[in-house]
Amino acid sequence: YKVYILDEAHQLTKDAFNVLLKLVEEPPPHLRFVFATTEADKILPTLRSRAHQYDFKLVSARVLQEHLAKVCEQEGIAADPAALALVARAGAGSVRDSQSILGQVIAGSGPEGITYVDTVAQLGFTDDAMLTDVVNAIAAGDGASLFRTVDTLMTDGHEPRRFATDLLERFRDLVVRSEEHTSELQSRET
């Protein structure tokens, strides 16, 4: 087959779509077209009706982390799995973005390879220990410890919005784990 990939196909003009329509309706047997777009609704409806539509989903953080580990292994770069988890999280489900972020982290890493501490610093994430301190202070109702930890974060130059996002994600994870644990206990009882 000869395959033509039209990336950002939604940017084609109506006239360009009309020209393609005849080819797409009756293509030669050896010819295939791929219209890649993030805005399928902007593709001419008559053209869309003659095509198969495949919606791609974001990749899970676990799969991204495994992929990034393979890339590091192939390149001979030592990488802490916790650091790769941060890179995958920063990539937000995009393989291309995760690989770009990995390249950034590799460029900023030392001779020991990709470490968790370096990755936290490079990507601006809040360190897990700090998040744990905040959660523990809130759980214990210890306002003084909470404010000391938050003050340390701010004086160390952490981005407040990043900290808030990381803290909310930690609370979300705790709620999910709590619900899973409760469900597990209930299933054991029955």
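Within segment 5-17, being over 17 Å from Phe56 (Cβ atoms) and surrounded by 13 or more Cβ atoms within 10 Å (Cβ to Cβ) holds for Leu12, Ala16, Phe17. Scanning for something open to solvent by 60 Å² or more (accessible area, probe 1.4 Å), without any contact (Cβ under 8 Å) to a residue 24 or more places away in the chain and of a type in the set (Lys, Arg), does segment 95-109 turn up at least one residue? Yes: segment 95-109 contains one or more residues that are open to solvent by 60 Å² or more (accessible area, probe 1.4 Å), without any contact (Cβ under 8 Å) to a residue 24 or more places away in the chain and of a type in the set (Lys, Arg). Only a single criterion out of (1) in a strand (DSSP E or B); (2) within 29 Å of the chain's Cα centre (by Cα) is not satisfied by Arg32, namely (2). For Asp7, the criteria (1) among the charged types (D, E, K, R); (2) without any contact (Cβ under 8 Å) to a residue 24 or more places away in the chain; (3) within 30 Å of Ile106 (Cα to Cα) hold in every case but one, which is (2). Within segment 125-169, being in contact (Cβ under 8 Å) with a residue 24 or more places away in the chain and touching a Pro at 6+ places or on another chain (Cβ under 9 Å) holds for one residue alone: Leu153. Does segment 133-190 hold any residues that are under 22 Å from Ala121 (Cα atoms), of a type in the set (Asp, Glu) and assigned to a loop (DSSP other than H, G, I, E, B), and which are they? Result: Asp156, Glu159. Going through (1) crowded, with 16+ Cβ neighbours inside 10 Å; (2) over 22 Å from Leu68 (Cα atoms) one by one, Arg177 falls short only on (1).
Here Asp97 fulfils each of the conditions (1) in contact with a Leu (Cβ under 9 Å, 6 or more places away or on another chain); (2) in a helix (DSSP H, G or I) apart from (1). Looking across segment 122-168, the residues that are open to solvent by less than 70 Å² (accessible area, probe 1.4 Å) and touching a Gly at 6+ places or on another chain (Cβ under 6 Å) come down to Gln122, Arg162.
The values are calculated or read from the model by the stated rules, or taken from the named source; none is laboratory data. Keep in mind that what you see is a predicted model, and the values were worked out from it rather than measured. Neighbour counts run over all protein chains shown; Cβ positions are idealised from the backbone, glycine included. What goes into the accessible areas is simple: the full protein's heavy atoms, side chains included, and nothing from ligands, DNA or RNA. Shrake-Rupley method; radii C 1.70, N 1.55, O 1.52, S 1.80 Å.
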